[in-house]
Amino acid sequence: MKIKISGLELGTNELEFTGKVEELGLDAPFYGNFKLNITFEKSHHQLLATINLQVNASFECDRCIAEFNSQRDINFTLLYLFDEESRETDDPDVNYLSREADKIDISTEIYDYAYLDIPFKILCKEECKGLCPKCGADLNQGDCGCPKEEFNPLWSDLEKLRDELENEE
């Protein structure tokens, strides 16, 4: 997404954009429309962009495999420093712009921050109980009736080690 900056006044400038997620280069799990709010703080030496992206995403829960939709509210900040010429920097959130630059392209940053916002552990809700390991029933719908094991035999060696260490004391 290219944004014209040459017409921005010194001080605070607010812009709002809406459209389809495909216009931002986003695809699954994102869908539908987006809303993008950008607040620019412009001075003679820099341009600070505070960005809020609202987008919908469709996920599958890692515990109970239920499909659910989530509205993502993604916030990030980009800093553009004015210099005699554009140049590269090691910091992904800091960019150098020529004083004559009239546009910035934030497409890559929008794409990166949107996909970085996807959680590692995707849950339909924090208290999701998942599926029964025996019968596969969704435990969020209620108890499946399978007998509950009090002790998992996989832990027996650790139990023995714990008992040995307690006896040594």
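Since Cys135 meets every condition but one in (1) among the hydrophobic types (A, V, I, L, M, F, W, C); (2) part of a loop (DSSP other than H, G, I, E, B); (3) touching a residue at least 60 places away in the same chain (Cβ under 8 Å), which condition does it not meet?
Looking at each condition in turn, Cys135 falls short on (3).
Can you pull out the strands (runs of 3 or more DSSP E) entirely within region 1-117 that have at least 1 residues that are among the aromatic types (Phe, Trp, Tyr) and farther than 30 Å from Ala137 by Cβ? Walk me through it before giving the result.
On the way: elements: 2-4, 11-20, 30-42, 46-60, 67-83, 94-98, 103-105.
Ranges flagged: 11-20, 30-42, 67-83, 94-98.
Rundown of residues vs (1) modelled with pLDDT of 90 or more; (2) exposed (fewer than 15 other Cβ atoms within 10 Å of the Cβ), yes/no style:
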{"residue": "Gly19", "(1), (2)": "yes, yes"}
{"residue": "Glu22", "(1), (2)": "yes, yes"}
{"residue": "Phe40", "(1), (2)": "yes, no"}
{"residue": "Ala49", "(1), (2)": "yes, no"}
{"residue": "Ala57", "(1), (2)": "yes, no"}
{"residue": "Cys61", "(1), (2)": "yes, no"}
{"residue": "Ile74", "(1), (2)": "yes, no"}
{"residue": "Ser98", "(1), (2)": "no, yes"}
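Checking the condition exposed (fewer than 10 other Cβ atoms within 10 Å of the Cβ), part of a loop (DSSP other than H, G, I, E, B), over 33 Å from the mean Cα position of the chain (by Cα) and not assigned by TED's automatic domain parsing to the domain that holds Arg72, which residue from Lys148, Lys121 passes? Let's see the steps before the verdict.
Numbers: Lys121 fails: over 33 Å from the mean Cα position of the chain (by Cα).
It is Lys148.
The values are calculated or read from the model by the stated rules, or taken from the named source; none is laboratory data. As the structure is a computational prediction, the values presented were derived from the model and not from experiment. Don't worry about glycine lacking a Cβ; one is built from the backbone with ideal geometry, like all the others, and counts go over all protein chains shown.
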